[in-house]
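Below is one structure, written out as structure tokens, with a few remarks after it.
No value in this document is a laboratory result; all are computed from the given coordinates. Bear in mind that the values here come from a model prediction, so they are computed numbers and not experimental data. Glycine gets a Cβ as well: all are built from the backbone with ideal geometry, and neighbour counts include every protein chain shown.
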Amino acid sequence: MWEDGGDEDQAIAGLLHDAIEDAGQDHGSITERFGTDVADIVVACTDTSGPVVEGAEKEPWLLRKTRTIDSLATKPQSAWLVIAADKAHNARDLMIDSRRDPSSWNRFRQGPEGMCWYLSRLHDELRPLLPDSRSVEMLGACVSGILGSDVVQSKLPPGQSAEGWVAAYLERRSALQ
């Protein structure tokens, strides 16, 4: 957060960004400890539509990710940088892990196809919102690195670019259903 011009509330929210999804917290508990501004950012970073009930199954991945992408521009500006930093960090880790061990993709039910689609779309949406952001730049570089990886390149149909393959992800999913 600091390196990308974020403030103290954004830095705290960055540390807490998954607290609602993964730690059983809610807006009230975060507000009580860190204030309303931090809590509002954390809520904006959360991709579930309601409170997370321990032991309950999350909404389907594609629904949550599509909703995140579609609502990004309407989220508070203070959340954009936190979201960008989180996704850049995730993309960097994914790129490094998959280079070290291509089987690391097995952690993701949606595989390289889904993750590349999601990270690429987020980058496309965040770039105009935060044109000078280091996090957005890093996200884009990591997406490019992932798209150029041997694992992704091996999945491409002959003659199709990685970018075209990613762009057609939703169409391929629809055709399977």
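For segment 1-94, which trypsin sites (Lys or Arg not before Pro) are in a loop by DSSP, counting at most 14 other Cβ atoms within 10 Å? All intermediate terms of the calculation are to be shown ahead of the outcome.
Details: sites: Arg33, Lys58, Arg64, Lys65, Arg67, Lys87, Arg92; in loops: Lys58.
Sparse-neighbourhood loop trypsin sites (Lys or Arg not before Pro): Lys58.
Using the number of other C-beta atoms within 10 angstrom as an exposure proxy, rank Leu156, Leu130 with the fewest first.
By the 10 Å Cβ count, ascending: Leu156, Leu130.
Rounding to the nearest 20 debye, state how big the charge dipole of the chain is about its Cα centre with +1 on each Lys and Arg Cβ and -1 on each Asp and Glu Cβ.
Rounded to the nearest 20 debye, it is 860 debye.
Can you give the FRET efficiency for Thr31 and Gln77, using 1/(1 + (r/R0)^6), R0 = 25 Å, r = Cβ-Cβ distance, to the nearest 0.05?
That pair, Thr31 with Gln77, gives E of 0.80.
When the helices in the chain are scored as -39500 (n - 2.57) per DSSP H run of 4 or longer and the sum is shared across all residues, what 222 nm value do you end up with, to the nearest 500 deg cm²/dmol?
Rounded to the nearest 500, it is -20000 deg cm²/dmol.
What's the longest uninterrupted piece of the chain once you rule out the GluC sites (Glu not before Pro) that are loop residues per DSSP with at most 12 other Cβ within 10 Å?
With a cap of 12 other Cβ atoms within 10 Å, the longest stretch comes to 58-177.
Would you mind classifying segment 1-94 by shape? Square roots of the alpha carbon gyration tensor eigenvalues, ordered a ≥ b ≥ c; an a/c under 1.5 is rounded, otherwise it is prolate if a/b is larger than b/c and oblate if not.
oblate
Would you mind ranking Trp117, Trp61, Trp2 so that the residue whose beta carbon has the fewest other beta carbons within 10 Å leads the list?
Trp2, Trp61, Trp117
Each label point is 7 Å from the Cα along the Cα-to-Cβ direction; what then is the distance between the points at Ser144 and Glu8, in nm?
Distance between label points: 3.7 nm.
For the residues Ser144, Ser71, what sequence is obtained by ranking on other C-beta atoms within 10 Å, fewest first?
Ordered from fewest to most neighbouring Cβ atoms within 10 Å, Ser144, Ser71 come out as Ser71, Ser144.
So what is the relative contact order for the chain, in percent, with contacts set as C-alpha pairs under 8 Å and at least six apart?
20
Where in the chain are the helices, taken as whole DSSP H runs, whose Cα atoms extend 18 angstrom or more along the long axis and whose Kyte-Doolittle mean reaches at least -1.0?
Correct list, ordered by number: 77-100, 111-129, 134-147.
Run the reach check for Lys65 against lysines, Cα to Cα strictly under 17 Å, same-chain hits fewer than 8 apart removed. What comes back?
Those lysines meeting the cut-off are Lys75, Lys87.
Projecting each Cα onto the charge dipole of the chain (Lys/Arg +1, Asp/Glu -1 at the beta carbon, about the Cα centre), which of Ile41, Val151, Trp2 comes out farthest on the positive side?
Val151
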